[in-house]
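Right, one structure below, let's go through it.
Every read-out reported here was derived from the displayed coordinates using simple, explicitly stated rules and does not represent laboratory data. Values in this document were obtained by computation on a predicted structure and should not be read as measured data. We place every Cβ from the backbone using ideal geometry, glycine too, and count neighbours over all the protein chains shown.
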Amino acid sequence: MIAENLNLKVFSQEILSFVIVGVISIFVAARFQALSAEVAPQVTAVSWWQFLLAFGIGTAVILGLIRIMHGGWFLRLFFIFALFSGMLITFNLFLSDIAAVIFSAFLVAAYVIWPYVWLHDAVMILTLPGIAVLIGLSLQPWFAVLILIIMSVYDYIAVYKTKHMIKMAKAMIAGRAIFAMIFPEEFRNFKSKINEAHPGQGFMMLGTGDFVFPLIMAASAMTVSYKSAWIVLGFSIFGLLLMHLLFISQRVRRPMPALPPLAGFAILGFITSLLLK
C-alpha cells in the first residue's frame with residue numbers, strides 16, 4: 001500500500017538522479033575552486049538582478065519564437081546547444097580541452113541518433129552539474145537565496161496563473177527538446193524513444209530547473225564551506241520528497257510547480273549550515 005501510494009518506482013528514480021546530479025555538482029564546484037586561475041574557466045560575479053534580467057529576456061524570446069514558429073527546429077537546436085555546453089563545462093574540469101569537446105560532441109551525436117529515454121537522462125545528468133556550478137559559483141549565497149525565492153513565486157504563477165510554463169513544456173516536448181528528466185513508471189520503458197514519452201501516460205517528468213536551482217544554492221554555498229554545500233543537497237532531497245508527495249496527493253493529476261518545496265528546503269539547508277558553522 002505504501003509503495004502504491006508513494007509510487008516508489010518513480011520516486012526512487014527521482015531520488016537517485018537528484019543525488020547523482022547533486023554529488024557531481026559538488027565535486028565539479030570543488031574542482032572549479034581547486035584549479036588555478038590560469039587553468040580554471042573564469043567565473044564572473046553576477047548580481048541577482050542581472051540573472052533575473054537574463055532569465056526574463058531568455059524566457060520572452062523563447063515564448064516569442066514558439067508563438068511565431070510554433071516550436072520546431074529552433075527549440076531543438078537550442079536544446080542541443082545547451083546539452084553540449086553543459087557537458088563541456090563538466091568535462092572540461094577533469095579532461096583536456098580537446099578531450100572535453102570530443103566527449104561532449106560524441107554524447108550529443110549519440111543522443112541525436114539514438115534518442116532513447118535512458119540516454120536522454122544520462123546526458124541530462126552530465127549536463128546539469130556544469131550549468132548549476134557555473135551559475136552558482138558566480139552568485140553570492142544570499143543572492144542565490146533571493147533568486148530561489150523569486151523563481152519559486154515565478155514557477156507558481158507560470159504554472160497556475162499564466163500557464164505559459166505548460167505551453168512551453170508542450171512545445172518543447174513536441175519539438176523533442178525536453179528540458180526535463182524523464183521517469184517511466186515501468187523500468188522497461190527506459191528503452192522507449194523520447195517521442196513516446198508523454199507525462200501522465202506512463203511517464204513523469206521533472207523539469208531541469210527543479211534540479212538546477214537547488215544545486216545553484218549548493219554551489220553558491222560552497223563559497224561558505226564545503227560542508228554547507230552538502231547540507232544544502234541533503235535538505236533539498238527532503239524538498240524532493242515533499243514535492244513528490246504533493247504531486248501524488250492530487251485528486252486529479254496535473255502539472256504543478258515543483259520548485260517551491262525544493263527551493264524552500266535548499267534555503268533552509270543553507271541557513272542551517274550557517275547555524276552549524
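Observations
- Distance in nm between pseudo-label sites at W118 and K161 (7 Å out along the Cβ direction from Cα): 4.3
- In this structure the amide hydrogen of M204, modeled in the peptide plane, comes within under 5 Å of the amide hydrogens of F183, E185, none closer than 5 places in sequence on its chain.
- Farthest towards the positive end of the charge dipole of segment 83-223, among the residues T223, P199, F183, is the Cα of P199, using unit charges on the Cβ of Lys, Arg, Asp and Glu.
- Mean projected area (nm²) of the alpha-carbon convex hull when segment 187-262 is viewed from all directions: 6.2
- Spatial separation of Cα centroids for segment 96-139 and segment 190-254, in angstrom: 18
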